[in-house]
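The values are calculated or read from the model by the stated rules, or taken from the named source; none is laboratory data. Since the model is a prediction, treat every value here as computed from it, not as a measurement. Methodologically, a virtual Cβ is constructed for each residue, glycine included, from the backbone with ideal geometry; neighbour enumeration extends over all protein chains shown.
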Amino acid sequence: MSAPAIPPHASAIPLHAPAVSLHAPAISLDGVSKRFGDLQVLSDIRFDVADGESVALLGTSGCGKSTLLNIIAGLLGPDAGVLSINGQPANGGQHPSLSYMFQEDRLLPWRTARANAEFGLEAAHPVLPAHERHALADTVLQMVGLDGFGHVYPHQLSGGMRSRVALARSLVTAPRILLMDEPFSKLDPQTRSQMHDELLRIRSLRQVSVLFVTHDVEEAIVLADRVIVLAPRPGRVREIVTVDLPHPRKATEPAVAEAIRQLRLLI
Amino acid sequence: MPNATRFSRTTTVAQRCTLFVVLLALWWLASLRMPTFVLPGPQRVALALIALMHSRTFLPDLGITLWRVVAGFVLAAVVGGPLGIVLGSNRTAAQLFEPLLSIVNTVSSAIWAVFAIIWFGISNATTIFVVFMTAMPLILTNVWKGAQTVDRQYVELARSFRMSPAQIMRKIYLPTILPHFFAGARLAFGFGWRVSLVAETIGSSNGIGYRLRQAADLVQTDQVFAWTVTLVVLMLILEGGVLKPVERRLFRWKKD
């Protein structure tokens, strides 16, 4: 609250300065822009996600959240700007330490839960032997609380369980960065909050940085260390908010409820 | 639940048996009023069937016809499958070849048989060709439609895990297409089996079709009936003993 005019979206970065200086940021965006034809979707996006940090991308629909996530995942190329993953410039292609969890669970219906969880390991070079893949898949299924459900087909699972399998599939490659595009938005509120607890628990087990897209303010406050608020048309960073509350964060607690209220005022 | 299914299964069996007996009785009644060369009775056909099964040419005839059908069918699958995948994943190719497929589909199997005789004479190739020309478009069309149903989201998922195009083909495309291929193959095998007899009646010197024509020429109607019964039983065994179990095993992941 001292010095000359800092751009608003940079105001929160000094709070995380120690973490940033020790390690290269897990994700770093510098002036990333994207247009589809005449439509400017993203304009001059710059922020970092520190190693081990959980960051929410929050905004109304049409502000380019998913496009931004696809760029970071390497599924889309930016028109301008630099994207770095673990301090290395990432130019095209997907980074091996990244895992992407989609809005839909996208479980392959012809595969059992375990075979679905193994899916991400099958692209590995050199090829992993089948028994190692099985073992790794069983480990992550156990981690998400689906011990003993390995042989079950997706259509036999509930929405929450399917979401757990999708999470297991994202974790099986032991990613350092987990990207999530509104991964729990199709679940009922109770199951969603269970998945939030699950995610927080797993994040403390495995040192993984999380960047997730959401339009749910409560989800952002419950899960994130920092919330990046995007403004639409073109998508740009409006504000970066640090959430400095102890876990677990229940929306019914006054401090959490107040944080949710404050954040809601920003969008 | 298991009780209910067992109950419905017994009912089905009972219904089938009743239908069979009723048809047999109608056949018998009708045959009483007709000359034998028009409609032989069930006993007469049964005797002819027994005699047929004891004849020295029965198994060779059955074998050679089966072999021709299977050869034509396998060729159709080997050509139609990959071609269907190419057309299903490539819009330009699809647009280019769609009219050709319509043309092939409108040509009757009998015309293919005539062409086959001109080109291959009295040989195995004649029947195989006719089966191929009938079965291939069916398999191709089904695989093509199947390839169009491949979910872009699954492809994107595979790409997010850095899978190669070959891996995407094997792990996303093929499992999606397999049920469509199976449906097409089933249809194609049934059609191929039927047209093979037509081809054999005019372009062959052995096999079931040839024997059928022989029996017709000599007005041995009971022989024609005996072969018909053999073919129907064979198809039922193939359906219940091979196709159904394979389908159940391959598609056990599907909702009932």
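Scanning for something within 14 Å of chain B (Cβ to nearest Cβ), of a type in the set (Ser, Thr, Tyr), in contact with a Lys or Arg (Cβ under 9 Å, 6 or more places away or on another chain) and in a helix (DSSP H, G or I), does region A:60-67 turn up at least one residue?
yes
Select the helices (runs of 4 or more DSSP H) contained entirely in region B:78-166, then report the ones holding at least 2 residues which are under 19 Å from the mean Cα position of the chain (by Cα).
Of the helices (runs of 4 or more DSSP H) lying wholly inside region B:78-166, those with at least 2 residues that are under 19 Å from the mean Cα position of the chain (by Cα) span B:91-106, B:109-120, B:124-148.
Just to confirm my filter: which helices (runs of 4 or more DSSP H) fall fully inside region A:181-267 and include at least 1 residues that are without any contact (Cβ under 8 Å) to a residue 24 or more places away in the chain?
In region A:181-267, A:189-205, A:254-266 are the helices (runs of 4 or more DSSP H) which contain 1 or more residues that are without any contact (Cβ under 8 Å) to a residue 24 or more places away in the chain.
Under 8 Å between Cβ atoms, at least 6 apart or on separate chains: pull out the pairs that start in region B:239-256 with a residue that is more than 14 Å from chain A (Cβ to nearest Cβ) and end on any residue that is basic (Lys, Arg).
Correct list of pairs: B:LEU243/B:ARG186.
Evaluate region A:106-114: report whether one residue or more is within 9 Å of chain B (Cβ to nearest Cβ) and either under 21 Å from A:ARG206 (Cα atoms) or of a type in the set (Val, Ile, Thr) (or both).
yes
Output the residues belonging to region A:1-41 that are at pLDDT 55 or above and over 17 Å from A:SER84 (Cα atoms).
The answer is A:ARG35, A:PHE36, A:GLY37, A:ASP38, A:LEU39, A:GLN40, A:VAL41.
What are the residues in region A:74-110 that are within 16 Å of A:GLY31 (Cβ to Cβ), surrounded by 17 or more Cβ atoms within 10 Å (Cβ to Cβ) and modelled with pLDDT under 85, if any?
Within region A:74-110, just A:ALA90 meets the criteria.
Of the residues B:VAL195, B:VAL229, which is crowded, with 22+ Cβ neighbours inside 10 Å and touching a helix residue (DSSP H, G or I) at 6+ places or on another chain (Cβ under 9 Å)?
B:VAL195
Scan the helices (runs of 4 or more DSSP H) fully inside region A:74-178 and keep the ones with 1 or more residues being touching a strand residue (DSSP E or B) at 6+ places or on another chain (Cβ under 9 Å). Step through it out loud before you land on a result.
Working: elements: A:113-118, A:130-143, A:159-171.
Here the list reads A:159-171.
Considering each residue of region A:179-198, count those that are farther than 19 Å from A:THR60 by Cβ and buried (at least 24 other Cβ atoms within 10 Å of the Cβ), and give that number.
Number of matching residues: 1.
If you check A:GLY74, A:GLY37, which single one turns out to be over 25 Å from A:ARG169 (Cβ atoms) and not aromatic (Phe, Trp, Tyr)? Outline the logic, then answer.
Values: A:GLY74 fails: over 25 Å from A:ARG169 (Cβ atoms).
Exactly one of A:GLY74, A:GLY37 is over 25 Å from A:ARG169 (Cβ atoms) and not aromatic (Phe, Trp, Tyr), namely A:GLY37.
Which one of the conditions (1) polar (S, T, N, Q); (2) more than 30 Å from A:MET101 (Cβ to Cβ); (3) within 14 Å of chain A (Cβ to nearest Cβ) does B:THR201 fail to meet, given that it meets all the rest?
For B:THR201, the exception is condition (3).
Condition (residue is within 15 Å of B:VAL69 (Cα to Cα) and polar (S, T, N, Q)) applied to region B:187-203: is it met by at least one residue? Lay out the reasoning, then the answer.
Taking region B:187-203 and keeping what is within 15 Å of B:VAL69 (Cα to Cα), we get B:187-201, B:203.
If we keep only those that are polar (S, T, N, Q) too, we end up with B:196, B:201.
Yes, some residue in region B:187-203 is within 15 Å of B:VAL69 (Cα to Cα) and polar (S, T, N, Q).
Looking only at region A:115-152, which residues are at pLDDT 90 or above and either at the interface with chain B (Cβ under 9 Å from one of its Cβ atoms) or touching a Cys at 6+ places or on another chain (Cβ under 7 Å) (or both)?
Residues satisfying the conditions are A:PHE119, A:LEU121, A:GLU122.
Could you tell me which residue of region B:175-192 is farthest from the chain's Cα centre (by Cα), considering only residues that are over 22 Å from B:GLU98 (Cβ atoms), within 11 Å of chain A (Cβ to nearest Cβ) and buried (at least 17 other Cβ atoms within 10 Å of the Cβ)?
Among those residues, the one meeting the criterion is B:PRO175.
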